[in-house]
Amino acid sequence: MNLFEHNIRKELLSQSPLSTRMRPKKMKDFLGQEHLMKQGEILINLIKNKTIPSMIFWGPPGTGKTTLAQLIAEEVGMNFRSMSAVSAGLSDIRKISDEVINNRTRANNNKTILFLDEIHRFSKSQQDTLLPLVENGVIVLIGATTENPGFSIINPLISRVKIFRFTPHSSDSIKSLINKALSDKEISISIEKIILNDDVLDLIINGSNGDARKALDTLELSIMSTISKKNEKKIEAPTVKILLENQNIYDKNSSNHYNNISAFIKSIRGSDPNAAIYYLARMLKNGEDPVFIARRLIISASEDVGLANPNAMIIANAAFDAVSKIGMPEARIPLANATIYLALCDKSNSSYKAINSALSEVTNNPITEVPLHLINAVTDLDKEFGAGKGYEYDHNSKEGFIRQNNFPKNLSNKRFYAPKDLGTEKRLKEKFEQLWKDT
């Protein structure tokens with residue numbers, strides 16, 4: 001790079017968002033992900049030994065995935081190429097692989113890291129094209145994703161990479177970054193004096209949810225949108241709140257969607273109405289489809305409450321019906337009613353376990369004859385073959401029950417249902433054990 005190119009690059013960088021200008025230039029300045037970067041951990045050892053395998057960095061936005069990939073390339077002396085799976089296609093992959101192969105045959109024998117941001121956006125066929133490049137050592141792939149690789153990355157590619165999990169920045173990390181941005185003269189965040197009281201600083205930290213990019217860009221936008229008075233800019237809480245709200249992205253096709261509904265259902269299962277109502281509010285505030293939430297309540301009523309309280313299904317269905325009819329914002333009320341009711345119900349997953357166990361049995365032993373005494377004798381030929389023979393009509397007995405084996409011969413009264421001693425199911429359990437004791 002000549003002096004002219006260096007100056008142009010420096011000028012462009014000065015116009016970049018604060019989060020970009022704050023990216024560290026040396027590995028020692030990288031902040032966060034201590035579980036990956038402390039002495040003795042696999043990733044830090046790989047960097048020290050300069051033996052970089054293909055990897056996937058998985059974690060929330062703003063946790064340093066892109067920055068660390070760049071720093072690794074710098075630290076170990078590898079070429080660095082970057083592209084986003086949102087805009088890149090097969091032709092871009094082929095172009096880079098051709099360039100890398102050409103360079104390797106010339107003087108520059110350094111390996112190349114291909115950083116593929118949002119790798120989960122690549123289709124299966126696009127991911128397939130990466131396999132020979134990784135396997136043959138044409139590139140060292142570092143993919144970044146916010147999505148669970150187990151769902152979004154094809155198995156052949158997963159088997160060829162090492163996955164490292166990134167976690168949100170701690171409050172202390174975010175605070176350190178903000179203080180550095182305000183005090184570092186090279187970054188020149190503002191020519192005016194910036195006043196940032198502790199309560200507003202905490203608002204930025206808490207509102208960023210561990211996303212350093214969000215925290216720094218919120219700080220910069222707050223400064224840019226504040227009027228200077230006597231060469232001072234005092235950042236106010238209302239400004240920060242508005243900016244944080246505008247950045248609150250909830251993608252219904254991403255892990256945000258699945259993580260929140262998972263937390264919602266597990267809070268109901270855990271009989272925690274406060275946590276459940278919190279996640280309900282969080283989803284509704286961010287535009288989640290209330291009908292989707294109502295469907296999940298029906299599933300929870302079946303799977304988690306079950307026979308411990310059969311009324312839960314009635315309540316969940318009523319909520320679904322109400323939500324379908326009235327829509328938002330009023331739909332929040334029946335959803336809240338059903339959420340709290342389900343959370344406080346006795347819980348039993350006995351029916352859920354029973355059907356799964358039975359399905360497993362049917363899968364493993366698919367060919368079993370229905371006992372003849374349970375088959376209706378519709379024709380004379382049926383009777384000739386013994387259909388219906390030996391069947392006893394339960395209503396003919398005084399108790400309304402006649403114990404008889406209704407299983408195919410090779411199963412013989414196998415137990416799939418194990419009732420729990422809770423709520424309504426406690427009475428069902430007593431009835432079950434009375435009827436089928438000693439079987």
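The values are calculated or read from the model by the stated rules, or taken from the named source; none is laboratory data. On a predicted model such as this, the values are computed, not experimentally measured, just so you know. So basically every Cβ, Gly included, is an ideal-geometry build from the backbone, and we count neighbours across all protein chains shown.
Does Leu141 meet the test of being closer than 30 Å to His257 by Cα and either assigned to a loop (DSSP other than H, G, I, E, B) or in contact with a helix residue (DSSP H, G or I) (Cβ under 7 Å, 6 or more places away or on another chain) (or both)?
Yes.
As an exercise: evaluate Ile227 against (1) under 30 Å from Gly77 (Cβ atoms); (2) aliphatic (A, V, I, L, M); (3) surrounded by fewer than 18 Cβ atoms within 10 Å (Cβ to Cβ); (4) outside the structural domain of Thr67 (by TED's automatic domain parsing) and give the number of the one condition it does not meet.
(1)
If you check every pair at least six apart or on different chains, which have Cβ atoms under 9 Å apart with a residue in the range 146-157 that is assigned by TED's automatic domain parsing to the domain that holds Lys124 and on the phi < 0 side of the Ramachandran plot first and a residue that is assigned to a loop (DSSP other than H, G, I, E, B) and among the aliphatic types (A, V, I, L, M) second?
Matching pairs, first to second residue: Glu147/Ile153; Pro149/Val161; Ile153/Val161.
Tell me whether the range 73-86 contains one or more residues that are buried (at least 20 other Cβ atoms within 10 Å of the Cβ) and either under 25 Å from the mean Cα position of the chain (by Cα) or under 25 Å from Met37 (Cα atoms) (or both).
Yes.
Identify the single condition in (1) out of contact with any helix residue (DSSP H, G or I) (no Cβ under 6 Å at 6 or more places or on another chain); (2) surrounded by 15 or more Cβ atoms within 10 Å (Cβ to Cβ); (3) at pLDDT 90 or above; (4) more than 15 Å from Ile52 (Cβ to Cβ) that Arg165 does not satisfy, given that it satisfies every other one.
(2)
Any idea which of Lys353, Lys409, Lys420, Lys414 is at pLDDT 80 or above, part of a loop (DSSP other than H, G, I, E, B) and of a type outside the set (A, V, I, L, M)?
After applying the criteria, what remains is Lys420.
Looking at Ile189, Ile96, Ile101, Ile113, which is the one that is assigned by TED's automatic domain parsing to the domain that holds Leu36, of a type in the set (Val, Ile, Thr) and not in a helix (DSSP H, G or I)?
Exactly one residue qualifies, and that residue is Ile113.
Which residue is modelled with the highest pLDDT, if the candidates are limited to the range 262-288 and must be part of a loop (DSSP other than H, G, I, E, B) and either under 18 Å from the mean Cα position of the chain (by Cα) or on the phi > 0 side of the Ramachandran plot (or both)?
Ser271
Being touching a Phe, Trp or Tyr at 6+ places or on another chain (Cβ under 9 Å), farther than 30 Å from Tyr417 by Cβ and in a helix (DSSP H, G or I) narrows it down to one residue among Val291, Val240; which is it?
It is Val291.
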